[in-house]
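Taking it in order: structure first as C-alpha cells, then the write-up.
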Amino acid sequence: MNQSQNPEDAAKLYGNRFLTEDAPAKDFPASGMSALDAMRLVDEELVLEGDPWRNLATFVTTWMEPEAQRIVSENLHRNFIDHAEYPISAEIEQRCIRMLADLYHAPGETTGCRTQGSSEAIMLGALSLKWKWKERREAAGKPVDKPNLVFGGDVHVVWEKFCRYFDVEPRIVRLQEDKYVIGPEDVEPHVDENTIGVAAVLGTTFTGHADDISGINDLLLRIKEDQGIDVPLHVDGASGGFVWPFLYPHSEWDFRLEQVRSINVSGHKFGLVYPGIGWLVFREKSDLAEDLVFYENYLGKTDATFTLNFSTGASMVLAQYYNFVRLGREGYTHVMEAMNQNAKALAAKLEENGNFELIGSDKEQLPLVAFKLAGEHDYDEFDVSWQLSAERGWMLPAYTLPPEAEDVKIMRALVKETLSRAQVDRLADDIKEACETLDKKGGAHPHERKKMKRSPGF
Ligand SMILES: Cc1ncc(COP(=O)(O)O)c(C=O)c1O
C-alpha cells in the first residue's frame, strides 16, 4: 500500500474492505457503503451455502433456462396483487389456472389462485374445506364446534400446522413399519359427520409414493351414499401434481374422481420454476367458500382476493407461464421421463452395490431413489450420508419415518434435471466408496453423529 493512502481509499482502489473487516450484523448501519462493496459482501457470504448441483435433498427447482431467468429478472418490479397496474400479469395467472384445471381434468369452469408455495395453497384449500363444512352443518342446524381433518402420517408438516393454526382436530393415520402411505381401510375409522375433508398425498416427501387416492375416493362415495355425509377429498400434489400427469397419465387421482374437490401443487418443485410459486385449483367454482373471498379497492380497482399474503412478485407466475408454453405436455413428459430414467439407473447401480435395498421402486413414484441399508453393518444410513458429504460434498439426506414407522431409516436421492447420467454414475461410485470407508472405519464418530442433520429436506 502507498504510505499516503488510508485503508478505506486502498479498499476502494484494490478490493473489498470486508476482506479484513467484520460484516455489519447487529446495529442498523449508521452509514452505508458503495454498491460494489455491498454486492461483494453479500455474494461472498453466500458462497459458503450449499451447492445446488450436489443437493439431492431438495424438491425445489435450482435451475431454469437462461430465457426464463431473463423473464424473472426483468419483471422483479411487478407487484402481482396490483391488478390495476399489472392486469396482464393477473390474466397470465388465470391462464395458468385454466391450464392446470385442464391438466387435472376439471369437468367445467373452475377457479383457483397462485400462492407462495404449496403451504399457502394447503392453508387456503383446507380453510375452504372448513368453511364449506360449516355452511353444510349450519344449513342442517347442526353444531360447528368440533371440526376434524383426516390425513396420514405421510403428509408434510403443513397439514398439522393448518390444524393448529385454524383450530381443527387432526386425525392422523399412523404409518406402519412396512406401510408408508394410506388407503381407504386406514381412513374409514376416522371419518364422521364432523370431518371437513380427507387429505391425500400424491408423491410423499418421505418415499415419493402416492396414497391410494382412488380407493379413498371410492370409500367417500360409499359413505355419501350410505350415510348421507359428503366428505370432500383434497389432493396434496405439491410434488406429484407435475409428475403424475406426465409419467402416469392413466393413473386416476385428480378431478376424474368425484370426491376430489381441490388440488394443490408447487410450481417451484416439478413445475420447474424457482422458489416462490404454488397453485390451488378447485374442481368447481362452488368449491371455494364465498366467505373467504375479500373485495377491496385500495389499488384503484375493485378486486377479489383469496390469499394469506397481499403484495408479492409476479415474476414466478410469468416464469410458470413461460414453462407451460415452452414445454407443453410433450416437453414436461420428456423432462419427467429423463429424470425418471436417471433415477432408475441410479437405483440399478445401488442394487448392484449390494449394500442397499430399494423402497417401492416397482410402484408409481416421484423421480427419486428411496433406499436403506440391507443386511448387517457397523454403520447406519446417517453415517453413509455423513461420509458421502465429507468425501464428495453430496447432500443426500438420511431420516427416520414418522410414527409408527420411526424405526425405519431411509436415504433419498432426488434425481433432477441437473443430474446427468455421468453424474448419476459418479454418485453411485461415490456412495460405494463411502460404504468402503465406513466398512474400514466402522461408522461415524459420536461427535460427528451429533452434527448430523436428520430431516428429509424440501
Ligand atoms: C407433500 C408436500 N406437501 C406440502 C409441501 C410444502 O410445500 P411448499 O414448500 O411448496 O410450501 C411439501 C414440501 O416439500 C410437500 O412435499
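The values are calculated or read from the model by the stated rules, or taken from the named source; none is laboratory data. Predicted model, so just to flag it, every value in this text is computed and none were measured. Methodologically, a virtual Cβ is constructed for each residue, glycine included, from the backbone with ideal geometry; neighbour enumeration extends over all protein chains shown. For the accessible areas, the whole protein counts, side chains as well, though only heavy atoms, and no ligand, DNA or RNA atoms are used. Shrake-Rupley method; radii C 1.70, N 1.55, O 1.52, S 1.80 Å.
Data for the structure
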| read-out | value |
| --- | --- |
| Total lysine pairs under 28 Å (Cα atoms) in region 92-179, excluding pairs fewer than 8 apart on one chain | 12 |
| Separation in nanometres of the label points that stand 7 Å from Cα toward Cβ, at GLU436 and LYS451 | 2.5 nm |
| ASP430, ASP43, ranked by accessible area, largest first (probe 1.4 Å) | ASP43, ASP430 |
| Within region 41-114, GluC sites (Glu not before Pro) in DSSP loop having at most 15 other beta-carbon neighbours inside 10 Å | GLU49, GLU85, GLU109 |
| Anisotropy class of region 194-236 from Cα gyration tensor, a/c 1.5 cut | prolate |
| Relative contact order computed over the chain (Cα-Cα under 8 Å; 6+ residues apart), in percent | 20 percent |
| Residues in region 388-408 that a label on SER420 would reach, taking backbone N under 20 Å of a point 7 Å out along Cα→Cβ | 392-395 |
| Probe 1.4 Å - accessible area at ARG421, Å² to nearest ten | 110 Å² |
| Surface accessible to a 1.4 Å probe, SER420 within the full protein complex, Å² | 50 Å² |
| ³J(HN,Hα) computed for each position of region 108-122 - Karplus, 6.51 cos²θ - 1.76 cosθ + 1.60, integer Hz, glycine/proline x | x, 5, 9, 8, x, 7, 7, 9, 6, x, 5, 4, 5, 4, 5 |
| When each of LYS409/LYS453; LYS363/LYS450; LYS349/LYS372; LYS372/LYS450; LYS344/LYS416; LYS269/LYS363 is checked by Cα-Cα distance, pairs over 23 Å | LYS363/LYS450 |
